[in-house]
Every structure is written in structure tokens, then in C-alpha cells.
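J.: One structure, as C-alpha cells, below. Some questions next.
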Amino acid sequence: MWTLEDEQALREDLIEKIISKANDGDGMLSRAELGSFSYAGQTIRVIDSQGGIWNPGASWSLGEELRATLSINTTKSGKYEDQEVSGGLWRYDYQSGGTAGKNTKMRKAMELQLPLIWFVQQDSGRYVPYKVFIINDFPDQGYCLIAPDLSLATASRSESLIERRYAQRLMKQRLHQPAFRARVISAYETRCAICRLGHGQLLDAAHITPDSDETSSTSVTNGLSLCKIHHTAYDINIVGIDADYTVHIRRDILRETDGPMLEHGIKEMDKTKLWVPPAAADKPDPARLEVRFEEFSGH
Ligand SMILES: [Zn+2]
């Protein structure tokens, strides 16, 4: 068996590679892809072939047994009641049978504070990967609590109300953002709605009504798939988008002369049409765009 340090390092590296692979595209991976994931020159299984809990044994292709569960998954049709609980934590149901069987290695992940991957299935049938920790469990009730970060999980139970609220808000964001990104980027077929750039790692799911606004929403209709440059330009009102999906570039920027990024990447986008998803339910909400456009126009 690996040393604990080696296993820790392997898990960190593997989790990072899985998330990065998902973000090369629209942020999701299929069960088939997770069943034969390329890692360190090997093809390895990183999701259980049928159930929710994957405990790689000695026959795992990397050749060593892991001390603790590597991944858990939540399917749309799963019988387990996985859900968000108060305080930004999520509940994951153990397999029936108390602390025995596959649950033993779940408890090990908690004891050793080892990170694991949580695959959450989306409507598309594919999975968004999250790095998570098991922070507490209730074997008698058959479930554990998971969080995206150990120190945030501790802070979320702090005596200080400010610290508690801050940690809970961050954890909520960490858990909602990847699923929002996946829904938006896949609706836009992994392209920037302004310039059509098609590299997942260079794309963000931008909010039309900002996340900090209480009327914000995690619906695709409050999202835009934008490349990093156009996302920032939209956030700081260099780019505006009106309710008819026309792109506007701020006037003082149009008067500037500079290299190809400014000329082609930004100025030439003025008065072009935004590319929006074909499905009506995915198109950006004109009312939300209008509010943001007023802010751009007043600039
Ligand atoms: Zn772009």
C-alpha cells in the first residue's frame, strides 16, 4: 500500500486532472469516459461501474489499493436522497448496512481527511466532478455530510455569525457554480456567444444578473457562455448586450487604436449579433439583459 502522503498526492493530482479534463469541454464527463480515464499512461476506472461508492481495490489499474473511497456519485434516478442541507453542506447517503461494506472506506476518507471526487449527474446524463471532503457522518441515520473545503466547513460552524455566513456563501457558490457552468457552456455548444471561440478552458459561464444580486438565478437563461476576455469586458461594461441580442462596444473604446485583440477581438464585435442557443428555454432572458444594458448605457 502507498504511504498516506503518496496516496494524498495521487488523489490531489488525479482529481485536478479529472476536473481539468471536464473543463476542456463543457464541464461534464460521461460514465463511459469515467470508466476508462487516461491517467499516467494507464486507463483507470474513477467511478463505480454501477453503484454510488467507488473503492479501488488491489486490482485497480494503478496497482495499489486505496485506503479510502475515491469517488461517489449522485444519479438523477438514484434512490439515495442526496441533498443540500443548511449551511452550504451536502448530504450523501451511505449504502444501506450501517458502517460496514463500502461505507467503511467512506468513513476512512473522513478520518484521514482525504479528498474524494463527487460526480453529480446533470439532465444531459453526464456528470460534473467536484473535489469534496467528508466532514461528518451519522451512521445511525445512514448519511454523511460533504463540503468542498475543510477550512470552509470549519468556518461554517464558527461562533462568529459573519465568519459563518461568509463560509456558507462561499461553499454554496463552490457547489453551484460548476453545475451552472456545465448547463450554460453545454447549451452554447462550448462556444463564446460573442466571438465563437470554442475552447472550454477559455470559457466562463457569465451571470447576466450578477451572483451578488438577490434577484440572480442559476437558470441557463441568466447565463452567457463567454470567453475570458469577453466575460471580463462584459462585467466591467466595455461590452454591452441589449435585449435584442445585439453586442455593443463602449464608444471610447471604439475610438482607440491598438493591436489585433482590440481591433478584431473587441471593436469588430460592435453591432454584431450574439450567438444564442437554439432551444427557447436556454436563450438569455431579455428582461435581465435590459437591466444590465441600462447600466452599460449609463456608463
Ligand atoms: Zn469571446
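The values are calculated or read from the model by the stated rules, or taken from the named source; none is laboratory data. Here the structure is a predicted model, which is why all the values come from computation and not from measurement. With ideal geometry, Cβ positions are generated from the backbone for all residues, glycine too; neighbour counts draw on all protein chains shown.
J.: Pairs please, first residue from region 25-36 and in contact (Cβ under 8 Å) with a residue 12 or more places away in the chain and surrounded by 14 or more Cβ atoms within 10 Å (Cβ to Cβ), second anywhere and assigned to a helix (DSSP H, G or I) and of a type in the set (D, E, K, R), Cβ atoms under 7 Å, 6+ apart in sequence or on different chains.
T.: As it stands, the answer is GLY27/ARG181; LEU29/LYS21, since those pairs meet every condition given.
J.: While we're here: Tell me the residue from GLY57, GLY98 that is among the small types (Gly, Ala, Ser), without any contact (Cβ under 8 Å) to a residue 12 or more places away in the chain and either closer than 18 Å to VAL132 by Cα or part of a loop (DSSP other than H, G, I, E, B) (or both), please.
T.: Details: GLY98 fails: without any contact (Cβ under 8 Å) to a residue 12 or more places away in the chain.
Just one listed residue meets the conditions, GLY57.
J.: If you scan region 190-212, which residues turn out to be within 14 Å of the ligand (Cβ to nearest atom) and more than 14 Å from the chain's Cα centre (by Cα)? Lay out the reasoning, then the answer.
T.: To start, the set of residues in region 190-212 that are within 14 Å of the ligand (Cβ to nearest atom) comprises 190-206.
The answer is THR190, ARG191, CYS192, ALA193, ILE194, CYS195, ARG196, LEU197, GLY198, HIS199, LEU202.
J.: Something else about it: Please pick out the residue among ASP26, ASP13, ASP6 that is under 27 Å from HIS199 (Cβ atoms), assigned to a helix (DSSP H, G or I) and not aliphatic (A, V, I, L, M).
T.: Just one listed residue meets the conditions, ASP13.
J.: If you don't mind, another one. Just checking, does region 165-184 include any residue being over 20 Å from GLU84 (Cα atoms) and touching a residue at least 12 places away in the same chain (Cβ under 8 Å)? Show your work before the answer.
T.: First, the residues of region 165-184 that are over 20 Å from GLU84 (Cα atoms): 184.
In the following step, the residues that additionally are touching a residue at least 12 places away in the same chain (Cβ under 8 Å) were identified as 184.
Checked region 165-184: at least one residue is over 20 Å from GLU84 (Cα atoms) and touching a residue at least 12 places away in the same chain (Cβ under 8 Å).
The rows are residues; the columns are (1) surrounded by 10 or more Cβ atoms within 10 Å (Cβ to Cβ); (2) out of contact with any Lys or Arg (no Cβ under 6 Å at 6 or more places or on another chain).
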| residue | (1), (2) |
| --- | --- |
| ALA40 | yes, yes |
| VAL46 | yes, yes |
| GLN50 | no, yes |
| TRP54 | yes, yes |
| TRP60 | yes, yes |
| GLU65 | yes, yes |
| ALA68 | yes, no |
| ASN73 | yes, yes |
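J.: Checking the structure you have, find out if any residue of region 155-176 is surrounded by 15 or more Cβ atoms within 10 Å (Cβ to Cβ), among the basic types (Lys, Arg) and within 16 Å of the ligand (Cβ to nearest atom).
T.: Looking through region 155-176, none of the residues is surrounded by 15 or more Cβ atoms within 10 Å (Cβ to Cβ), among the basic types (Lys, Arg) and within 16 Å of the ligand (Cβ to nearest atom).
J.: Within the set of pairs 6+ apart or on separate chains, which have a first residue in region 134-156 that is not assigned by TED's automatic domain parsing to the domain that holds LEU116, a second that is surrounded by fewer than 21 Cβ atoms within 10 Å (Cβ to Cβ), and C-beta atoms under 8 Å apart?
T.: Listed pairs, sorted by first residue: none to list.
J.: Got a sec? Which of PRO129, PRO139, PRO148 is under 27 Å from LYS105 (Cα atoms), of a type outside the set (Phe, Trp, Tyr) and at pLDDT below 90?
T.: Working: PRO129 fails: at pLDDT below 90; PRO148 fails: at pLDDT below 90.
Only one candidate passes the filter, namely PRO139.
To keep it simple, each residue is scored yes or no on (1) closer than 21 Å to LEU170 by Cβ; (2) touching a strand residue (DSSP E or B) at 6+ places or on another chain (Cβ under 8 Å); (3) assigned to a loop (DSSP other than H, G, I, E, B).
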{"site": "PRO210", "(1), (2), (3)": "yes, no, yes"}
{"site": "ASP213", "(1), (2), (3)": "yes, no, yes"}
{"site": "SER225", "(1), (2), (3)": "no, yes, no"}
{"site": "HIS248", "(1), (2), (3)": "no, yes, no"}
{"site": "ASP252", "(1), (2), (3)": "no, no, no"}
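J.: Find the residue count for region 227-246, including only residues that are part of a strand (DSSP E or B) and not aliphatic (A, V, I, L, M). Can you show your working first?
T.: Looking only at region 227-246, we keep the residues that are part of a strand (DSSP E or B), and these are 227, 239-241, 246.
If we keep only those that are not aliphatic (A, V, I, L, M) as well, we get 227, 240, 246.
The total comes to 3.
J.: Mind checking which residues of region 242-276 are within 12 Å of the ligand (Cβ to nearest atom) and among the aliphatic types (A, V, I, L, M)? Outline the logic, then answer.
T.: Looking only at region 242-276, we keep the residues that are within 12 Å of the ligand (Cβ to nearest atom), and these are 247, 261, 264-266, 268-269, 272, 274-275.
Scanning region 242-276 gives VAL247, MET261, ILE266, MET269, LEU274.
J.: Considering every residue within region 213-223, establish whether at least one is within 16 Å of the ligand (Cβ to nearest atom), of a type outside the set (A, V, I, L, M, F, W, C) and at pLDDT 95 or above. Show your work before the answer.
T.: Initially, region 213-223 is screened for residues within 16 Å of the ligand (Cβ to nearest atom), giving 223.
Now narrow it down to the ones that are of a type outside the set (A, V, I, L, M, F, W, C): 223.
Going one step further and asking which of them are at pLDDT 95 or above, we end up with 223.
Yes, that holds for at least one residue.
J.: Can you give me the number of residues within region 254-299 that are among the charged types (D, E, K, R) and part of a helix (DSSP H, G or I)?
T.: Narrowing region 254-299 to residues among the charged types (D, E, K, R): 255-256, 258, 263, 267-268, 270-271, 273, 282-283, 285, 288, 290, 292, 294-295.
Filter again for part of a helix (DSSP H, G or I), leaving 263, 267-268, 282, 288, 290, 292, 294-295.
Count: 9.
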